[in-house]
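Each remark here refers to the structure printed beneath this line.
The values are calculated or read from the model by the stated rules, or taken from the named source; none is laboratory data. Computed from a predicted structure; not experimentally measured. A quick note on method: Cβ atoms are made from the backbone with ideal geometry, for glycine too, and the neighbour counts reach across all protein chains shown. In case anyone asks, the SASA skips ligands and DNA or RNA and just uses the protein heavy atoms, side chains included. Shrake-Rupley method; radii C 1.70, N 1.55, O 1.52, S 1.80 Å.
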Amino acid sequence: MDKMGKNIILIGMMGTGKSTVGRLVADSLGYTLIDLDTEIEKLDGRTIPEMFEADGESYFREAESAALRSVLLRKGIVVASGGGAVLSSENCEAMKQGGWVVALTADAASIVERVRGDVNRPLLAGDVEERVGRILDERKDKYLFADVMLDTVGRSAEEVATDILTHYRG
């Protein structure tokens, strides 16, 4: 099926470059970038750390699913999803129905380097190396439904965006 005109949905672990690459892809196509985490915060009126602290991860995941369903009603968008959006099979199905899905990947060491010190990532509180390793292991098969998988290690955001655009334009 022709991909052109479909929304592009970027999935992958935190720190794989979804937001940065998403901006470049959206700008190249004249699409709107929607960072799902930003959308969740806008809809809920709180930051993600505040949601986690007050209501827990399950509340956040419900808010994430609702925001995802809402944004996928739009056309001409690039969605930078949250890393955990793939934990719900309903979200994965919605993404497949709502666009062309690209998984960005990176190894644990690269992710740790990219996210270390980011206080807006509640799942990384504590030992960052241990947490990243555990989350990667838990989610290792969750990104396999993507239409394309691209490794971001040792590559610039521009290189990754160019790869996405080449695949998209096919």
* Could you list the square roots of 5 times each eigenvalue of the Cα gyration tensor of region 7-169, that is, the equivalent ellipsoid semi-axes, sorted largest first and rounded to whole Å? => 23, 20, 14
* To do: Only Cα pairs under 8 Å and at least 6 apart count here; give the relative contact order of the chain as a rounded whole percent.
  => 36
* Accessible area in square angstrom per residue, the chain, 1.4 angstrom probe -> 49
* Asked: Over region 7-169, what percent of the accessible surface lies on carbon and sulfur atoms, probe 1.4 Å?
  -> 49
* Asked: Taking the alpha-carbon set of region 39-117, what are its Rg and Dmax in Å?
  -> 13.7, 36
* Structure fact -> In the neighbourhood of D35 defined by beta carbon distances under 11 Å, the net charge of the other residues (Lys, Arg +1; Asp, Glu -1) is 0
* Structure fact -> Two pseudo-spin positions, 7 Å from Cα along C-beta at R155 and at D137, lie apart in nanometres by 2.7
* Tally Lys/Arg at +1 and Asp/Glu at -1 over every other residue whose Cβ is under 11 Å from the Cβ of R46; what's the total? -> -4
* Asked: Each residue of region 91-97 in turn: what ³J(HN,Hα) in whole Hz from Karplus with 6.51, -1.76, 1.60 and θ = phi - 60°, glycine and Pro shown as x?
  -> 5, 4, 5, 4, 5, 4, 6
* Solvent exposure, largest accessible area first (probe 1.4 Å, DNA, RNA and ligands not counted), of D27, D37 -> D27, D37
* Asked: Which of the listed residues, G30, I11, V78, is farthest toward the dipole's positive end in region 7-169, when Lys, Arg count +1 and Asp, Glu count -1 at the beta-carbon?
  -> G30
* Charges only on Cβ, +1 for Lys and Arg, -1 for Asp and Glu: so what's the dipole of the chain about the Cα centre, in debye to the nearest 20? -> 600
* With springs connecting C-alpha atoms under 10 Å apart, model the chain as a Gaussian network and identify which of K42, K18, K142 has the largest mean-square fluctuation. => K42
* **Dipole axis of region 7-169 (+1 Lys, Arg; -1 Asp, Glu on Cβ), positive-most option in I111, I135, A63** => A63
